[in-house]
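The values are calculated or read from the model by the stated rules, or taken from the named source; none is laboratory data. Keep in mind that what you see is a predicted model, and the values were worked out from it rather than measured. Reconstructed Cβ throughout: ideal geometry from the backbone, glycine too, with neighbour counts over all protein chains shown.
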Amino acid sequence: MTAFGPGSARPRGPLLRDYVAHPRHGPLPALLLLLTVATGLVDAVSILSLGRVFVANMTGNVVFIGFALAGAPGFALQAALSALAGFLVGAALGGQAVRRLAGHRGRLLAGVTTVELVLLLAALAVALAADEPFGTLPRDLIAVLAAVALGMQNATARELAVPDATTTVLTMTLTGFAADLRNREGRVLLRRVLAVAAMLLGGLVGALLVLHVSASAGLAVAAGLIAVVTAGAWVASRRPAPWQER
């Protein structure tokens, strides 16, 4: 069986195997799908509670910075700039992790998500200690901590190179889905649909939690998902397997 992706042969066996025991990617597809849900949760918190700021989608965040510079109401320039700076720092840290651990994909994901979990728990601690709606200082701290975490995640997902599993950006996934609609096999299209659905689910649950419970609840659920990914990555890394190699 070959790795799924552009030009790959049709996968054999149950669809679930493609996510938890793929010969090329092992359990990485399932773990990255969970990270995609967590991304939707964190961005729901950031958009709805931090002054319309993206901490994962920097394309949207750069546009929001332009809106804020133009004086559009409701956009927090300082928080958006903090998130952008934090994301770049996180991506740089993720790059350092890639250079050290790229030879073992499971340990790379496990190590990075461990740090990501710590950062999100720190953001959660700030949120719990502050009153909602957040003041400027806690808002910017949460934005920076979450953005560093998501920057590391994005750099790691880029290195892992699991098809349609960027965990933070869906533009190319949607483009591929529409452009290849008549030319791709069903499992490739389904994989892309699942990636979009995971982000949608995270955004939906995150928005419901922010609107009806609290922003802290949204961060807590996101941290819980990342804890599951971290544990899964560490467990999967204990035994040598072909998918762990770069």
> Among (1) surrounded by 15 or more Cβ atoms within 10 Å (Cβ to Cβ); (2) over 15 Å from the mean Cα position of the chain (by Cα), which single condition is ARG100 missing?
Replying inline: (1)
>> Testing VAL188 on (1) loosely packed, with under 14 Cβ neighbours inside 10 Å; (2) closer than 23 Å to PRO29 by Cα, one condition comes back false. Which one is that?
In response: (1)
> Checking ALA149 against (1) more than 18 Å from ILE47 (Cβ to Cβ); (2) not in a loop (DSSP other than H, G, I, E, B), which test does it fail?
Replying inline: (1)
> For residues in segment 35-66 being of a type outside the set (Gly, Ala, Ser) and assigned to a loop (DSSP other than H, G, I, E, B), which is nearest to TYR19 (Cα to Cα)?
Replying inline: ASN57
>> Looking at segment 5-25, I want the residues that are modelled with pLDDT of 50 or more and have a partner that is in a loop (DSSP other than H, G, I, E, B) and of a type in the set (Gly, Ala, Ser) with Cβ atoms under 6 Å, at least 6 apart or on another chain. Which pairs are those?
In response: ARG24/ALA3
> Given the residues LEU34, LEU28, which is the only one that is touching a residue at least 24 places away in the same chain (Cβ under 8 Å), under 28 Å from VAL162 (Cβ atoms) and touching a strand residue (DSSP E or B) at 6+ places or on another chain (Cβ under 9 Å)?
Replying inline: LEU28
> Which residue pairs have Cβ atoms under 7 Å apart, sit 6 or more places apart or on different chains, and have a first residue in segment 162-180 that is without any contact (Cβ under 8 Å) to a residue 40 or more places away in the chain and a second that is among the β-branched types (Val, Ile, Thr) and in a loop (DSSP other than H, G, I, E, B)?
Replying inline: none
> Applying the selection to segment 98-117, what residues are of a type in the set (Gly, Ala, Ser) and under 18 Å from LEU31 (Cα atoms)?
Replying inline: ALA102, GLY106, ALA110, GLY111
> How do the pairs read when you match residues in segment 117-135 that are at positive phi and touching a residue at least 60 places away in the same chain (Cβ under 8 Å) with residues anywhere that are buried (at least 21 other Cβ atoms within 10 Å of the Cβ) and assigned to a helix (DSSP H, G or I), using Cβ under 8 Å and keeping only pairs 6 or more apart or on different chains?
Replying inline: none
>> Report every pair of residues separated by at least 6 positions or lying on different chains whose Cβ atoms are under 8 Å apart, first residue within segment 50-74 and among the hydroxyl-bearing types (Ser, Thr, Tyr), second in a loop (DSSP other than H, G, I, E, B).
In response: THR59/VAL169
> Among ALA165, ALA178, ALA92, which is the only one that is farther than 18 Å from LEU50 by Cα and in a loop (DSSP other than H, G, I, E, B)?
Replying inline: ALA165
>> Given the options TRP234, TRP243, name the one that is farther than 30 Å from GLN78 by Cα, of a type in the set (Phe, Trp, Tyr), touching a strand residue (DSSP E or B) at 6+ places or on another chain (Cβ under 6 Å) and part of a helix (DSSP H, G or I).
In response: TRP243
